[in-house]
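Reviewing the structure listed below.
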Amino acid sequence: MSEPDEHVRYKAYLDEFAQVADPDEAGLIGRVLADPDVIMAQAAVLRHLDRRAAVLCAEPGWEEWAQVMARAVVRHPFLIRRLREWSLFRAVTLRLPWQQDDLLAASDWLQLKAAAGPDPDALAVLADRGRTKRIRSTARTRLAKPSRE
């Protein structure tokens, strides 16, 4: 039994993303998002954005990269939201200014990621008002541990 076409394309897209040069990244995202299987295409782009954002989050070129990526995914609200949440995560992690309401309105994904992070203000907010029991528990556990950062 052969693998479904969309699985083959998904893997091929991930391979292309792993090798793409920075100047060609937005173009590749556009090509992938033009795939007829919208869900698969968005999943491939999401995985790429998450991988790149995790690497670039603390880097000086973050803002420019995030703007280029936002233009590349402008017609895909879920991908735009993920980029915004990476920007919020960056602010929380680097202890840049951020808004409590933004963190409380964020997805479970971001709240859980922030609850495992170092920012004591974010941890206090999430320990008290995180969306799920798991988020609140993770934040409380982090608050109880002495910081080594």
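The values are calculated or read from the model by the stated rules, or taken from the named source; none is laboratory data. In this text the structure is predicted, and so the values were computed from the model without any measurement. Counting neighbours? That spans all protein chains shown, and the Cβs are built from the backbone with ideal geometry, glycine included.
Numerical summary
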| quantity | calculated |
| --- | --- |
| Among (1) crowded, with 19+ Cβ neighbours inside 10 Å; (2) farther than 29 Å from K11 by Cα - the single one L96 does not satisfy | (1) |
| Residue check for A72: more than 30 Å from K133 (Cβ to Cβ) and either at pLDDT 95 or above or touching a strand residue (DSSP E or B) at 6+ places or on another chain (Cβ under 9 Å) (or both) | yes |
| V55 vs. criteria outside any helix (DSSP H, G or I) and without any contact (Cβ under 8 Å) to a residue 24 or more places away in the chain | no |
| Leading residue by the ranking (farthest from D102 (Cα to Cα)) among those in the stretch 62-83 that are assigned to a loop (DSSP other than H, G, I, E, B) and not hydrophobic (A, V, I, L, M, F, W, C) | R75 |
| Failed item in (1) touching a residue at least 24 places away in the same chain (Cβ under 8 Å); (2) within 17 Å of the chain's Cα centre (by Cα), with Q100 passing the rest | (2) |
| Residue list for the stretch 1-34, restricted to those being in a helix (DSSP H, G or I), of a type in the set (A, V, I, L, M) and over 24 Å from W62 (Cβ atoms) | V8, A12 |
| Residue among A43, A106, A53 that is surrounded by 15 or more Cβ atoms within 10 Å (Cβ to Cβ), over 23 Å from A18 (Cβ atoms) and at pLDDT 95 or above | A106 |
| The one condition in (1) buried (at least 17 other Cβ atoms within 10 Å of the Cβ); (2) touching a residue at least 24 places away in the same chain (Cβ under 8 Å); (3) not β-branched (V, I, T) that G30 fails to fulfil | (1) |
| Selected residue [exposed (fewer than 14 other Cβ atoms within 10 Å of the Cβ), touching a Leu at 6+ places or on another chain (Cβ under 9 Å) and of a type in the set (V, I, T)] from T138, T132 | T132 |
| Residue among L88, L126, L96 that alone is among the aliphatic types (A, V, I, L, M) and modelled with pLDDT under 95 | L96 |
| Residue list for the stretch 105-149, filter: more than 20 Å from R90 (Cα to Cα), among the polar types (S, T, N, Q) and either in a loop (DSSP other than H, G, I, E, B) or in contact with a Lys or Arg (Cβ under 6 Å, 6 or more places away or on another chain) (or both) | T132 |
| Verdict on V73 being buried (at least 16 other Cβ atoms within 10 Å of the Cβ) and within 21 Å of V20 (Cα to Cα) | yes |
